[in-house]
Amino acid sequence: MLTGIYPGTFDPITRGHTDVIARSIRLVDRIIVAVALNPGKEPLFDLADRVELAKIATQDLAGVEVEPFEGLLVEYVKNRGAQAIIRGLRAVSDFEHEFQMALLNRKLDSNLETLFLMASEEYSYLTSSMVKEVASLGGPLHDFLHPEVAQRLTARLHAFRP
Ligand code: PNS
């Protein structure tokens, strides 16, 4: 059984993320979407909400599970018995940071490989931060987010700014 771990902050999960998940599930038997606590990024949604939204956005994809994680990614990957970390690459600008992370993770665990998948060009510009900015300015979200995720994001932003 080949397991891939797709880690991220997912604040919130976008159609770009689900595109990468849909591509990666063709390569392995099981994908675990690992939602990182990542307090350093000061996420808008708490961990439980980010997990719930990731479950909603991936509910139609067979072979996909969603779990929270905290601590070192390499430890989590080992504990789940996974073979690879999956990351999406949108543009060349992602490369340097992703390259550093992959090499660091391999230094921490030499058995671990990171697989990079190209997100669809349709989503190559998409980041959770940009989507939050569009949402905060009242822009349309349908192209970027699952409808329920969009609705929850709008509600969350209204809770901050009534
Ligand atoms: O969606 P993001 O914010 O690009 O995801 C980054 C993430 C969560 C994959 C990364 O910060 C991470 O692996 N955090 C866990 C802590 C860790 O293992 N750090 C060392 C490797 S960078």
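In this structure, does residue 75 turn out to be open to solvent by 70 Å² or more (accessible area, probe 1.4 Å) and either within 30 Å of residue 1 (Cα to Cα) or part of a loop (DSSP other than H, G, I, E, B) (or both)?
Considered against the rule, which asks whether it is open to solvent by 70 Å² or more (accessible area, probe 1.4 Å) and either within 30 Å of residue 1 (Cα to Cα) or part of a loop (DSSP other than H, G, I, E, B) (or both), residue 75 comes out as yes.
Looking at the range 18-31, can you tell me whether even one residue there is out of contact with any Gly (no Cβ under 9 Å at 6 or more places or on another chain), of a type in the set (Ser, Thr, Tyr) and not in a helix (DSSP H, G or I)?
no
Yes or no, residue by residue, for (1) out of contact with any helix residue (DSSP H, G or I) (no Cβ under 8 Å at 6 or more places or on another chain); (2) within 10 Å of the ligand (Cβ to nearest atom):
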site	(1), (2)
76	yes, yes
82	yes, no
111	yes, no
117	no, no
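Is it the case that the range 119-140 has a residue that's open to solvent by less than 70 Å² (accessible area, probe 1.4 Å) and near the ligand (Cβ under 10 Å from one of its atoms)?
Yes: one or more hits.
Name the residue that is farthest from the chain's Cα centre (by Cα), counting only residues in the range 84-105 that are within 18 Å of residue 34 (Cα to Cα) and of a type outside the set (A, V, I, L, M).
Going through the qualifying residues, I end up with 105.
Taking residue 9 as the residue in question, decide whether it is of a type in the set (Ser, Thr, Tyr) and away from the ligand (no atom under 11 Å from the Cβ).
It is false that residue 9 is of a type in the set (Ser, Thr, Tyr) and away from the ligand (no atom under 11 Å from the Cβ).
Can you confirm whether residue 104 is modelled with pLDDT of 95 or more, out of contact with any Phe, Trp or Tyr (no Cβ under 8 Å at 6 or more places or on another chain) and in a helix (DSSP H, G or I)?
It is true that residue 104 is modelled with pLDDT of 95 or more, out of contact with any Phe, Trp or Tyr (no Cβ under 8 Å at 6 or more places or on another chain) and in a helix (DSSP H, G or I).
What are the residues in the range 95-109 that are closer than 23 Å to residue 125 by Cβ, more than 8 Å from the ligand (Cβ to nearest atom) and surrounded by 11 or more Cβ atoms within 10 Å (Cβ to Cβ), if any?
Matches in the range 95-109: 95, 98, 99, 102.
Does the range 146-162 hold any residues that are exposed (fewer than 15 other Cβ atoms within 10 Å of the Cβ) and either more than 22 Å from residue 123 (Cβ to Cβ) or modelled with pLDDT under 95 (or both), and which are they?
155, 158, 159, 160, 161, 162 - these are the residues of the range 146-162 that are exposed (fewer than 15 other Cβ atoms within 10 Å of the Cβ) and either more than 22 Å from residue 123 (Cβ to Cβ) or modelled with pLDDT under 95 (or both).
From the list 64, 35, exactly one residue is open to solvent by less than 20 Å² (accessible area, probe 1.4 Å) and not basic (Lys, Arg). Which is it?
Residue meeting the stated conditions: 35.
So residue 70 passes all but one of these: (1) more than 16 Å from residue 128 (Cα to Cα); (2) open to solvent by less than 60 Å² (accessible area, probe 1.4 Å). Which condition number does it fail?
That leaves (2) as the condition not met.
Show the residue pairs that are 6+ apart or on different chains and have beta-carbon atoms under 7 Å apart, the first residue being within the range 112-135 and more than 25 Å from residue 32 (Cβ to Cβ), the second being open to solvent by 40 Å² or more (accessible area, probe 1.4 Å) and of a type in the set (S, T, N, Q).
Once the first residue is more than 25 Å from residue 32 (Cβ to Cβ) and sits in the range 112-135, its partners that are open to solvent by 40 Å² or more (accessible area, probe 1.4 Å) and of a type in the set (S, T, N, Q) give 135/154.
The values are calculated or read from the model by the stated rules, or taken from the named source; none is laboratory data. Here the structure is a predicted model, which means the values were calculated and not measured. Note that we place each Cβ from the backbone using ideal geometry, even for glycine, and neighbour counts take in every protein chain shown. Calculation scope for accessible area: heavy atoms of the full protein, side chains included, ligands and nucleic acids excluded. Shrake-Rupley method; radii C 1.70, N 1.55, O 1.52, S 1.80 Å.
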